[in-house]
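To start, the structure under review is shown below, and the notes come after it.
The values are calculated or read from the model by the stated rules, or taken from the named source; none is laboratory data. Note that the structure is predicted; figures quoted are calculated from it, not measured. Glycine gets a Cβ as well: all are built from the backbone with ideal geometry, and neighbour counts include every protein chain shown. All accessible areas refer to the heavy atoms of the entire protein, side chains included, with ligands and DNA or RNA removed. Shrake-Rupley method; radii C 1.70, N 1.55, O 1.52, S 1.80 Å.
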Amino acid sequence: MSVATGTQERFAFEPGAVRVIRLPRPMLAAGAGRLVKDAGSNAKAAGQKMLQTARRLGIDLSLMWATVDQAGAPGEPRQVCLAVVGSGRTATMFVSMGSPEGRPGSRGPAVADAERHERVLTITQACRYLGEPTAEAPRGVRLAQALLEPGEGEALMAFLGAGFSRLGDLKYLRLTLAEGEAGAPELRLPGGVTVRTAESLGPERAREALAAALERTYIGTLDCPELSGLREVSDVLESHHAVGRHDPALWWLVFRDGRPEGCMLLSAVPEQGSTELVYLGLGPELRGKGLARALLSYGLGRCSAGEPLVVTCAVDARNEPALRLYTSMGFVPFGERIPVVRALP
């Protein structure tokens, strides 16, 4: 049962009764401590450290919701959800796991179910807020997402209960090239196909061509096809721009008979000492011709310039052609995530 009360909502369920609030500033450290894995009895110290790190990195932790006891003034946060608004009208969500310190009977099935329900409530309340234009997101958020580790079954259940959908699992791959190993091979293209950098096209024309190219690559895609149509292409482009250090000389547009038909986007990520393959996609008429391999080989050669190079990428585990390509070129797996998404009105 829920009863609207201004900017909050009151929820009553067994066992216990809670309400969901957006945490005020004095409670942010306690809420952050609930989000730190394995914090245990050091949750408060972990929360303070998380706040300090967030300030240093320019991350806003004010979009944090929590369940608290129904009666009286808010006590310690029970279950917590944090939304971090990013580029392209997207928010990444984080949710607490397990029971607050000292809560008795936390391993019983009834309490575990109640805690899961509390997580659902915090996620749902966050999504309701994010969909509307606010000072934090002037145009509103259009896509909420979370990237969960394989062992985070409780969090997955909570997100699904809050209306999120599970996509294909993501595999993270890495390629390490020694100095001079990549080289700069000649780019051999099929007839009628040309490749231009975004730099050579200029900002306005490049943006228009990229938008058209992305639309073409989404047709019949095997890489998280469920995402198609959830966001405007302009928002997707904004998200791609925000990855690492954008360099238009490392963004390539593929044209077929003068029409945009694909793209390959690479961005340096200096803080990680690597380069990310942000996106590589081709339209239906250019697939299966070996062009993706030729483009990637050429791009790696241009990135390395004789220097050691580490390249990372993420790919849908269901996208077997892409996995075969990357594996054959020396990419090796180093991580997995379970992506869940929810479109916001």
Would you check if there is a residue in the stretch 43-63 being modelled with pLDDT under 85 and over 26 Å from the mean Cα position of the chain (by Cα)? yes
By residue number, the members of the stretch 218-240 that are open to solvent by less than 60 Å² (accessible area, probe 1.4 Å), outside any loop (DSSP other than H, G, I, E, B) and of a type outside the set (A, V, I, L, M) are P225, S234, D235, S239, H240
Cβ pairs under 6 Å, 6+ apart, first in the stretch 116-135 and more than 16 Å from I21 (Cβ to Cβ) and of a type in the set (D, E, K, R), second modelled with pLDDT of 95 or more and open to solvent by 30 Å² or more (accessible area, probe 1.4 Å): R116/M157
For the stretch 298-312, check the following and say yes or no: at least one residue is touching an Asp or Glu at 6+ places or on another chain (Cβ under 7 Å), over 18 Å from A211 (Cα atoms), at pLDDT 95 or above and not aromatic (F, W, Y). yes
With respect to the numbered conditions (1) open to solvent by 60 Å² or more (accessible area, probe 1.4 Å); (2) at pLDDT 95 or above; (3) not hydroxyl-bearing (S, T, Y), which one is the sole condition not fulfilled by F331? (1)
If you scan the stretch 59-87, which residues turn out to be closer than 23 Å to L148 by Cα, open to solvent by 10 Å² or more (accessible area, probe 1.4 Å) and part of a loop (DSSP other than H, G, I, E, B)? I59, D60, L61, S62, R78, G86, S87
Which residues, counting only those in the stretch 241-277, are in a loop (DSSP other than H, G, I, E, B) and either acidic (D, E) or buried (at least 21 other Cβ atoms within 10 Å of the Cβ) (or both)? D247, D257
Which of the residues spanning the stretch 286-331 are touching a Phe, Trp or Tyr at 6+ places or on another chain (Cβ under 9 Å) and in a strand (DSSP E or B)? V311, T312, C313, A314, V315
Among the listed residues A155, A209, A213, which satisfies the condition of being open to solvent by less than 60 Å² (accessible area, probe 1.4 Å), over 25 Å from A249 (Cα atoms) and not in a loop (DSSP other than H, G, I, E, B)? A155
